[in-house]
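> Okay, handing you the structure first.
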Amino acid sequence: MRWGWVWVMALFAMACEDEGPCGTDADGDIIPVCIYTDAMGDPEYCPGDQFVSDDGCASCGCGPNGQITCTDDLFCESKATE
């Protein structure tokens, strides 16, 4: 009976492996996370997430490979001078 519990615990441990904050893809690989450093710290975003940059104007997004892209600041600068 003791070995039965060992197997159950081993299977439970394997099922609870860290999958990362964004989970895993179809191949079981951890999906990359985007880390955006701003005045509030280092919030983490998953691919497809959209957020406002720390300037409060530019729009940013998290890409599929963990890269962050933001809109051009020209629009933000023109709004600030109005």
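The values are calculated or read from the model by the stated rules, or taken from the named source; none is laboratory data. Quick caveat, the model's predicted, so the values are computed rather than measured. The area values use the complete protein model at the heavy-atom level, side chains included, leaving out ligands, DNA and RNA. Shrake-Rupley method; radii C 1.70, N 1.55, O 1.52, S 1.80 Å.
> Considering only region 32-41, I want to know if a residue exists there that is open to solvent by less than 60 Å² (accessible area, probe 1.4 Å), at pLDDT below 90 and not in a loop (DSSP other than H, G, I, E, B).
yes
> Restricting to region 1-31, and then to whatever is part of a loop (DSSP other than H, G, I, E, B) and either at pLDDT below 85 or on the phi > 0 side of the Ramachandran plot (or both), can you tell me which residue is most open to solvent (accessible area, probe 1.4 Å)?
MET1
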